1. Taking Cα atoms, how many degrees apart are the long axis of helix 113-150 and the longest axis of the chain, rounded to 10 and kept between 0 and 90?
2. What residues have an amide H closer than 5 Å to that of GLY443, excluding those fewer than 5 places away on the same chain, when H is modeled at 1.01 Å from N in the peptide plane?
3. Per residue of the chain, what 222 nm ellipticity follows from adding -39500 (n - 2.57) for every DSSP H run with n ≥ 4, rounded to the nearest 500?
4. Ranked highest first by the average count of other Cβ atoms within 10 Å around their residues, in what order do 445-457, 52-64, 246-258, 334-346 fall?
5. Rank GLY405, TYR102, PHE204 by how far each Cα sits towards the positive end of the charge dipole of the chain (+1 on Lys, Arg Cβ; -1 on Asp, Glu Cβ) and give me just the farthest.
6. Determine the alpha carbon to alpha carbon distance for each of LYS110/LYS509; LYS163/LYS479; LYS163/LYS326 and list only those over 18 Å.
7. What's the FRET efficiency of ALA453 with PHE239 using the Cβ-Cβ distance as r and R₀ = 25 Å, to the nearest 0.05?
8. For region 439-492, what does the alpha-carbon gyration tensor say about shape, rounded, prolate or oblate, given a ≥ b ≥ c as the root eigenvalues, a/c under 1.5 as rounded, and a/b over b/c as prolate?
Amino acid sequence: MTWNKAPAADAEGGDTGHARLRELGYKQELKRDLSVLSNFAFSFSIISVLTGITTLYNTGLSFGGPATMTFGWFVAGAFTMTVGLSMAEICSSFPTSGGLYYWSARLSGKRWAPFASWITGWFNIVGQWAVTTSVDFSLAQLIQVIILLSTGGNNGGGYMASKYVVIAFHAAILLSHAAINSLPITWLSFFGQFAAAWNMLGVFVLMIAVPTVATERASAKFVFTHFNTENNAGIHSNFYIFVLGLLMSQYTLTGYDASAHMTEETKNADRNGPIGIISAIGISIIVGWGYILGITFAVKDIPYLLSPDNDAGGYAIAEVFYLAFKSRYGSGIGGIICLGIVAVAIYFCGMSSVTSNSRMAYAFSRDGAMPLSSVWHKVNKHEVPINAVWLSALISLCMALPSLGSLVAFQAMVSIATIGLYVAYALPILFRVTLARKHFVPGPFNLGRCGVAVGWAAVLWVATITVLFSLPVSYPVTKDTLNYTPVAVGGLFLLVLSSWLLSARHWFKGPITNLDG
């Protein structure tokens, strides 16, 4: 990778990112206060290894167990970095809040720009809403488990909140996130940096404290080589099991497009935006592996951790924390405190996710792509897209409502969080290595001669996981065990394509400039 010599700073904006924004045809409407640290913090706190690993640790244990988690993490991490590097290169050339959909428009050529922009934009924004939904709902479920353990546990008469209470938790969390995101960007910057620090310190505390406190620890051989094939899903192929176990890693390493969506509020965005993307992925890979190792060294009995009859009701990591402290001190209160550390990390992950959602909605409506675009594009006196903030929170609440009828239906909804978002990541990269291969003009950060090769690796990886994560996760396949991911993602594609053919192709012309004069 290389860094080109930066263009002269813009006289009005004071940085090269603002100069580039004006060159692309946009006036500055959002306050440019974010440093490279703040930009990184938003992506890092959305990736939030404490959130993703904790939420899907059950999946990792069920499909392959320790071996899949410890080595699969680096498989997913390495390919995710190819996606991040390609996105960073494009971000350096086009530092706008629109991010992915704007990139697709510029890289696909005039003929295809409107359609490419429309498809990418809707996959991106719906994927982001699904991320917020899954993050905040997982926090609501964790709160349910914390209450259960605090009141005696599943085997001690503890209180298990109903699905209606859980959805109420989810609504309250979203309400608080919308309120925080209504504050000036300086406050969001502070919370973002605090969230990044909390995630970093939280990982180190938990990876050291939990295995240290545990009276029985797993051997290094178990942590690095034990492959769990007992998944109660009727799947016996080791390769198939390993592939399904990768979902924990890939779901965790998602959301780093936030750095791109925050570029219009970032100083020297054509440099600092790419740094935010790459550093968030790289640091997450390192600290995430440490977290996996620390927790897995406290794992002994996988079937018991996954059993709904344990004190945590089958929530594996919660049971690991609880048992570690209970076996040492006779009380699981220390484990509950550890869960509190994770809960705070998940809370800030959701907060940053709403921030990213709102900036994407702001940019997409600025270009007239959303219903009532003039409403969502408005900014308040603090230069915050306030209506887009509350829209994002409302839609994320609505996307969680299917959980009241069926968790299977809800899981189909949030499957878009991984596959849908990665499809949006891959589309501009695909255009960069095909239609724009000969005329792409790199920004200060670029991959040089490796750009096309890295781009193809990224596109092929996204195509691979789209297929793999759409495969059945249980046999025999019934309406209750069907993997609804292809249904959800395919349904989204049909809706977006239909809206294009029936309406949008007649009026949506792709990103439009708003620079006067």
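The values are calculated or read from the model by the stated rules, or taken from the named source; none is laboratory data. Computed from a predicted structure; not experimentally measured. So basically every Cβ, Gly included, is an ideal-geometry build from the backbone, and we count neighbours across all protein chains shown. Protein only, heavy atoms only, side chains kept; ligands, DNA and RNA dropped before computing areas. Shrake-Rupley method; radii C 1.70, N 1.55, O 1.52, S 1.80 Å.
1. 30
2. Those lying under 5 Å, H to H, from GLY443 are SER93.
3. Value at 222 nm, helices only, nearest 500: -22000 deg cm²/dmol.
4. Result, highest mean first: 246-258, 52-64, 334-346, 445-457.
5. Farthest towards the positive pole: TYR102.
6. Values: LYS110/LYS509 10 Å; LYS163/LYS479 21 Å; LYS163/LYS326 28 Å.
Distance filter (> 18 Å) returns LYS163/LYS479; LYS163/LYS326.
7. After rounding, the FRET efficiency stands at 0.45.
8. Numbers: a/c = 5.55, a/b = 3.17, b/c = 1.75.
Judged from the Cα gyration tensor, region 439-492 comes out prolate (a/c at least 1.5, a/b above b/c).
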